[in-house]
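This report concerns only the one structure given below.
Only the coordinates and a few stated rules stand behind these numbers; no lab work does. In this text, all values refer to a predicted model and were calculated from it rather than measured experimentally. Cβ atoms come from the backbone with ideal geometry, glycine included; neighbour counts cover every protein chain shown.
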Number of protein chains: 2
Amino acid sequence: MYTDSSGKTLEDYPRPSVAVDTAVLTVDPERALAVLLVRRADDLGRDAWALPGTFLHEKERLADAVLRSLDQKAGLRGTEPRQLHVFDDSERDNRGWVLSVAHVVVLPWKVVAPVVEVGPDDVRLAPVVDVPALEFDHDVIVRMAVEDVRARYRHEPDPEALLEEPFTMRELRHLHAAVAGVAHIPPDTFRRRMERQLKDTGRTKERTVGRPAALYLRRRSSLRH
Amino acid sequence: MYTDSSGKTLEDYPRPSVAVDTAVLTVDPERALAVLLVRRADDLGRDAWALPGTFLHEKERLADAVLRSLDQKAGLRGTEPRQLHVFDDSERDNRGWVLSVAHVVVLPWKVVAPVVEVGPDDVRLAPVVDVPALEFDHDVIVRMAVEDVRARYRHEPDPEALLEEPFTMRELRHLHAAVAGVAHIPPDTFRRRMERQLKDTGRTKERTVGRPAALYLRRRSSLRH
DNA sequence: CAAATAGTGTCTCTTAGACAGTATTTG
DNA sequence: CAAATACTGTCTAAGAGACACTATTTG
């Protein structure tokens with residue numbers, strides 16, 4: 001057995017339980033940024049809402065634990081979790097000493113909709129502007145997740161590949177407004193900022209009211225969808 | 001004992017060892033951004049270099065473990081660690097399943113100098129442009145730490161409070177050049193960007209060659225120093 | 001005075017924002 | 001044609017970068 005500089009072995013150190021908790025964000029048809037919540041019986045047996053999470057399995061990767069918890073709790077698959085922060089207050093979970101690695105996952109509405117619409121009663125979406133009180137420090141995780149995603153959408157067109165390609169400038173703009181949480185983004189300046197970062201297909205959207213809109217692709221087309 | 005939704009208790013889950021590893025960055029008198037390394041006997045008993053780190057104690061906060069490891073391994077105190085990332089490859093440490101929470105700490109040369117100059121032989125600084133091969137994934141941690149600090153210095157004057165107040169624009173500019181890893185920053189545009197974020201003392205530096213320079217304070221003066 | 005350093009005026013370029021105009025479709 | 005939507009031209013303001021100029025000190 002290898003030892004560290006003090007001659008102790010790994011077994012000589014206390015080990016915390018390690019959990020992952022995930023803010024799953026999506027944009028609903030009303031163009032609101034929303035987060036997925038799961039029902040959870042709290043200390044007193046009352047219903048409460050929390051983010052989906054799970055404890056780490058033996059030698060499991062954190063991202064795999066995130067995907068496993070989303071599959072088990074909400075039947076969601078195939079995503080790319082990003083780490084946000086480790087919550088390490090020893091009192092944060094009254095079951096014991098639990099570190100939680102907070103993650104964010106962004107999914108298209110098309111993927112989330114079936115889960116919350118026809119799925120079980122203990123999964124729901126809440127708009128991020130109106131999240132109910134959550135268990136543990138999950139309110140903080142939601143805030144960090146929203147900030148993270150908004151920062152990523154600030155300068156790049158749809159970095160999470162929420163839109164199906166090809167898409168129009170209008171669709172892209174509405175998506176960015178939803179993520180940013182604003183009602184309106186000026187179309188002309190938005191176009192000029194984004195156009196150089198997109199690939200023009202040369203095609204236009206057919207059978208529309210008004211002048212047909214050009215169709216674009218992301219430069220680095222996502223493998224998703 | 002509280003249980004989770006599956007009826008299992010905390011003890012039913014495997015628990016990884018959890019470590020912290022820290023990139024301590026400073027700017028040396030030659031104006032190079034440098035990282036603190038500690039000597040470590042590797043698998044074969046040969047000398048190798050690594051970042052200072054330690055295993056978490058019972059219910060200890062991560063930031064406290066970072067401070068404890070810096071005190072023990074290098075005699076450094078009084079800092080504000082920031083989390084960078086959790087490294088979770090189960091094979092990353094051949095002693096067993098170890099999660100490592102990487103941190104970055106930025107310290108003034110005045111604090112680091114005594115440790116590396118008169119301190120023990122198994123602590124040294126390496127310029128970040130020329131870091132030797134490190135144990136584990138510590139090379140990656142150094143890269144992330146440097147990126148983190150550079151991003152923080154991009155738009156704000158000395159956010160880590162490396163300079164003692166008051167300081168001149170020239171001192172601030174040289175510091176920012178060191179952090180960014182460039183030989184020169186154009187003085188006029190640098191001044192215009194930073195001046196509005198500083199508090200002018202109205203005083204000037206005495207007994208200098210050339211016109212005396214104005215002395216500035218950070219707006220939100222640090223509690224350190 | 002020369003040398004050295006501090007600081008300013010100003011030009012160009014780029015970009016965001018605002019706003020009005022032109023272009024192309026449906027019905 | 002009107003209505004609707006897509007797109008462009010152009011003005012203004014702000015900021016970065018470059019460069020020359022002025023200002024204030026020491027010796």
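Looking only at GluC sites (Glu not before Pro) in DSSP loops with at most 13 other Cβ atoms within 10 Å, what is the longest site-free stretch of chain A? Between exposed loop sites, the widest span is A:92-163. Plainly put, the tip 7 Å out from Cα toward Cβ on residue A:196 is 2.2 nm from that tip on each other copy, the closest given first. Over the residues of the protein assembly as shown, the helix contribution to mean residue ellipticity at 222 nm works out to -8500 deg cm²/dmol, using -39500 (n - 2.57) for each DSSP H run of at least 4. Extension gain for residue A:8 to residue A:220 (0.36 nm times residue separation, less C-alpha to C-alpha distance): 71.5 nm. Entry for the stretch B:1-111 at q = 0.13, 0.20 Å⁻¹: log10 I(q)/I(0) = -0.59, -1.13, Debye formula applied to identical alpha-carbon scatterers, no solvent contribution. Relative to the longest principal axis of the Cα atoms of chain A, the long axis of helix A:138-155 makes an angle of roughly 40 degrees.
Remark: the Cα gyration tensor places the protein assembly as shown in the oblate category, a/c being 1.5 or greater and a/b not exceeding b/c. Please state the shape class of the stretch B:96-168: rounded when a/c is under 1.5, otherwise prolate if a/b exceeds b/c and oblate if not, all from the C-alpha gyration tensor. Verdict is oblate for the stretch B:96-168. Between rounded, prolate and oblate, where does the stretch B:69-225 land on the alpha carbon gyration tensor, with a ≥ b ≥ c its root eigenvalues, rounded for a/c under 1.5, else prolate if a/b exceeds b/c? The shape class here is prolate. A simple rule links phi to the HN-Hα coupling: the Karplus curve 6.51 cos²θ - 1.76 cosθ + 1.60 with θ = phi - 60°, which for the stretch B:125-130 gives 10, 10, x, 5, 7, 8 Hz, with x for Gly and Pro. Lysine pairs in the protein assembly as shown whose alpha-carbon atoms fall under 24 angstrom of each other, counting only those eight or more residues apart or on distinct chains, come to 15. Our summary gives the stretch A:1-130 a relative contact order of 31 percent, counting only alpha carbon pairs under 8 angstrom and 6 or more residues apart.
What sits nearest the axis between copies B and A, counting only chain B Cβ atoms, is the residue and whole-Å distance B:15, 2. With θ taken as phi - 60° and the Karplus curve 6.51 cos²θ - 1.76 cosθ + 1.60 applied, the whole-hertz 3J(HN,Hα) list for the stretch B:102-111 is 6, 10, 10, 9, 10, 10, x, 3, 3, 7 Hz, x standing for glycine and proline.
The HN-Hα couplings worked out from phi for the stretch B:161-174 by the Karplus form 6.51 cos²θ - 1.76 cosθ + 1.60 (θ = phi - 60°) are 6, 6, 8, 7, 8, x, 9, 8, 4, 4, 4, 4, 5, 4 Hz, whole numbers, x standing for Gly and Pro. Comment: the Cα-to-Cβ extended label point of residue A:118, at 7 Å, lies 7.5 nm from its counterparts in the other copies, nearest first. Annotation: amide H-H contacts under 5 Å for residue B:21 (H modelled 1.01 Å from N, sequence separation of 5 or more, or interchain): B:101, B:102, B:103. Sites listed here are trypsin sites (Lys or Arg not before Pro) in the stretch A:9-66 whose DSSP assignment is loop and whose Cβ has at most 11 other Cβ atoms within 10 Å: A:46. Annotation for residue B:45, label-to-label distances across the other copies: 6.3 nm (shortest first, one decimal, point 7 Å from Cα along Cα→Cβ).
Label sites at residue B:41 and residue A:164, each approximated as a point 7 angstrom past Cα along Cα to Cβ, lie 6.2 nm apart.
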